[in-house]
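Following: one structure in structure tokens, then a few remarks.
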Amino acid sequence: MTSEMIMIVDDDQDMREMLAMAVEETGYTPLKAQNGREALSLLDHHIPVLVLSDLMMPVMDGRRLYQAMQKHPIHRHVPFVVVSSFPPRLVMDNNMSPAAVIQKPFDLMTLIDTIEELLYRPPQQRGSNMSSTQLSTL
């Protein structure tokens, strides 16, 4: 596993754990937060290579987290992926321009492919750490 981190921001613990397992299987280290405010606190000490965030969360939602990150000179360059039950069109209508939108429920291979495409892994290396058996158990 690499020391490169992918931040996972979701108020649903089961979703955070499922996303963390997928992140670990792709070779990255998960950094988990249960809302936008907690994520911003973690960003004071860590610079992830990518952020996976839900939109609807208590305390601070994903839209406000995205806006705060866009104002930061370093964090605005971190790809932000919305993982939400909202359709992509509604996310884009919400004055956001995330790197990608993954609509819940989603296929894990779609998630993995999106992460690896955004982080520029060659196609032959995508998902190479995860077998189809491991995928079906997530």
- Is there any pair with a first residue in segment 7-32 that is on the phi > 0 side of the Ramachandran plot and a second that is among the aliphatic types (A, V, I, L, M) and surrounded by fewer than 19 Cβ atoms within 10 Å (Cβ to Cβ) whose Cβ atoms are under 9 Å apart and which are 6 or more apart or on different chains, and what are they? 27/1
- Message: Residues that are surrounded by fewer than 16 Cβ atoms within 10 Å (Cβ to Cβ) and under 14 Å from the mean Cα position of the chain (by Cα), at least 1 per element: which helices (runs of 4 or more DSSP H) completely within segment 1-119 meet that?
- Response: 13-25, 108-118
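Every read-out reported here was derived from the displayed coordinates using simple, explicitly stated rules and does not represent laboratory data. On a predicted model such as this, the values are computed, not experimentally measured, just so you know. Counting neighbours? That spans all protein chains shown, and the Cβs are built from the backbone with ideal geometry, glycine included.
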